[in-house]
Amino acid sequence: MNKEHHYSTSIEWTGNKGTGTSGYRNYDRGYTISIENKVTIDGSSDPAFRGDKTKHNPEELFLASLSSCHMLWYLHFCSEAGVILTEYTDKATGIMAETANGSGHFTEVTLHPEIIVTDESMIEKAVELHQKANEFCFIANSVNFKVKHSPTVQVKQ
């Protein structure tokens, strides 16, 4: 059975300083991301590309998408397998390489989930389920590089 899920977002550039894109330094890289019934996100380019460091940039949001998709599948598989988590945090890292013509692409992303389980007997399965979550993650299945995992699992004290 094939199911399709459709998504939509609205992006609005907010960086016109009065002369539009009349010159590379004459406009701001700010924008808003709007999704119906959700909080608006203020975005900008990375500071390396003349962006505002106080706003989310596409590269960070990309990492957040990979990390959160993985986490949601992981939580699902843990609940099915009887692995009881009480905490989950991730500090995802990624490397984006610029090419000679100024374009670029991510070459790797590593998720660093830190997980707390309720019993020592769950640790091995908790580590193992990251592979399954990766195989099911919609976002990880949509990228052209391997998403790596470096989990830490501890027992609740």
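The values are calculated or read from the model by the stated rules, or taken from the named source; none is laboratory data. As the structure is a prediction and not an experimental result, all values here were calculated from the model. Cβ coordinates were reconstructed from backbone atoms using ideal geometry, including for glycine residues, and neighbour counts include every protein chain displayed.
Remarks
- Qualifying residue in the range 8-17 (condition: among the basic types (Lys, Arg), touching an Asp or Glu at 6+ places or on another chain (Cβ under 8 Å) and not assigned by TED's automatic domain parsing to the domain that holds Glu135): yes
- Meeting the requirement of 3 or more residues that are closer than 26 Å to Pro47 by Cα and aliphatic (A, V, I, L, M), the strands (runs of 3 or more DSSP E) wholly within the range 59-151 are 93-98.
- Verdict on Leu75 being crowded, with 19+ Cβ neighbours inside 10 Å and aliphatic (A, V, I, L, M): no
- Residues of the range 132-157 satisfying the condition of being polar (S, T, N, Q) and surrounded by fewer than 17 Cβ atoms within 10 Å (Cβ to Cβ): Asn141, Ser142, Asn144, Ser150, Thr152, Gln154, Gln157
- Among the residues of the range 1-25, those identified as polar (S, T, N, Q) and part of a loop (DSSP other than H, G, I, E, B) are Asn2, Ser8, Thr9, Thr14, Thr19, Thr21, Ser22.
- Qualifying position, being touching a residue at least 40 places away in the same chain (Cβ under 8 Å), in contact with a helix residue (DSSP H, G or I) (Cβ under 8 Å, 6 or more places away or on another chain) and at negative phi, among Ala92, Ala81: Ala81
- When residues of the range 50-72 are limited to those that are of a type in the set (Gly, Ala, Ser) and surrounded by fewer than 16 Cβ atoms within 10 Å (Cβ to Cβ), the one farthest from Phe136 (Cα to Cα): Ala64
- Residues of the range 14-39 classified as exposed (fewer than 14 other Cβ atoms within 10 Å of the Cβ) and aromatic (Phe, Trp, Tyr), total: 1
- Within the range 132-157, the set of residues being over 18 Å from the mean Cα position of the chain (by Cα) and under 12 Å from Asp90 (Cβ atoms) comprises just one member, Thr152.
- Scan of the range 89-131 for residues that are more than 15 Å from the chain's Cα centre (by Cα), buried (at least 17 other Cβ atoms within 10 Å of the Cβ) and either small (Gly, Ala, Ser) or more than 23 Å from Val143 (Cα to Cα) (or both), ordered by number: Ile115, Ile116, Val117, Met122, Ala126
- Residue in the range 26-46 that is closer than 30 Å to Lys148 by Cα and assigned to a helix (DSSP H, G or I) present: no
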